[in-house]
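Step one of this worksheet: look at the structure below.
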Amino acid sequence: MLPTHQGSVRLFCFRGITVWLHWSWLVVAMWIVSSRQGIYQSAIWNAAEYLALFGIVLLHEFGHALACRQVGGQADRIVLWPLGGVAYVAPPFRPGAQLWSIAAGPLVNVALIPILMFVSTILVANGVPQKFPDLWNWVRMIELINIVLLVFNVLPIYPLDGGQMLRSLLWFRLGPRRSLLIATTTGLVGVAGLLALALWWQSIWTGLMVLFLGSNCWRAFQAARRAGGA
């Protein structure tokens, strides 16, 4: 189940797209920021890192929303919650429009890579790693977070961006139903792999993410099986 604006705080509106923050984000944020240790000399940088993480997530979701509008679809809401962000988009029901609406999110992360690398280069040139180690560690962590988010999102696991892009590409040749069936079948295999990793790492957070992905992938798989036609 995806979060909605019910139980959420309205943050701002940009170009007709309203951004909401779910109440659970605040609870998880306080827990993560207060429990994380060993990275920075000052704990305030933990909060700055968490805010930057969701800043990147928000840019990613705006990529989806603005691309959807570009192809004639509807997008008026983004909800941030502990597992990331959700852009409520409704692109036209054709593979090209669907593909661009989904691919634009990861492309934002791709565009951020050279920008963050440039910032790091400037900081090194000015001796920031030695003078301000917390700032340097924060920038390096943001670089890492952006790359991890990019790689994770393009995994071919429906409903991640990678799984939806796979479905859109297959749609050109196989139609909407068969493409969804193949994409969700592939996604369920990927979910099994992520579940094994979660158990290996003994990570509750990864386990919750896998359960969320698995439940959504399974529902889409069942919908594809029930649907008739192409």
Practice problem: Considering each residue of region 159-182, count those that are surrounded by fewer than 19 Cβ atoms within 10 Å (Cβ to Cβ), at negative phi and touching a residue at least 12 places away in the same chain (Cβ under 8 Å), and give that number. | Solution: 6
Quiz item: Pick from region 28-52 the residues that are without any contact (Cβ under 8 Å) to a residue 24 or more places away in the chain and of a type in the set (Val, Ile, Thr): which of them is nearest to Trp81 (Cα to Cα)?
Solution: Ile32
Quiz prompt | The listed residue being aliphatic (A, V, I, L, M) and within 17 Å of Pro156 (Cα to Cα), out of Leu194, Leu199, Leu208 | solution = Leu194
Self-check item: Residue that is surrounded by the fewest Cβ atoms within 10 Å (Cβ to Cβ) [pool: residues in region 188-218 that are of a type in the set (Val, Ile, Thr) and in contact with a helix residue (DSSP H, G or I) (Cβ under 7 Å, 6 or more places away or on another chain)]
Solution: Thr206
Exercise. Pick out the one residue from Val124, Val128, Val151 that is outside the structural domain of Leu83 (by TED's automatic domain parsing), surrounded by 14 or more Cβ atoms within 10 Å (Cβ to Cβ) and among the hydrophobic types (A, V, I, L, M, F, W, C).
Key: Val128
Quiz item: In region 75-93, how many are more than 13 Å from Leu58 (Cα to Cα), in contact (Cβ under 8 Å) with a residue 60 or more places away in the chain and not aromatic (Phe, Trp, Tyr)?
Solution: 1
Exercise. Go through the residues of region 88-101 one by one and say whether even a single one is outside the structural domain of Val9 (by TED's automatic domain parsing) and in contact with a His (Cβ under 8 Å, 6 or more places away or on another chain).
Key: no
Quiz item: Here are some conditions: (1) surrounded by fewer than 16 Cβ atoms within 10 Å (Cβ to Cβ); (2) in contact (Cβ under 8 Å) with a residue 12 or more places away in the chain; (3) within 20 Å of the chain's Cα centre (by Cα). Thr185 meets all but one. Which one does it not meet?
Solution: (3)
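The values are calculated or read from the model by the stated rules, or taken from the named source; none is laboratory data. Please read these numbers as outputs of a predicted model, since none were measured by experiment. Cβ: placed from backbone, ideal geometry, glycine included. Neighbour counts: every protein chain shown.
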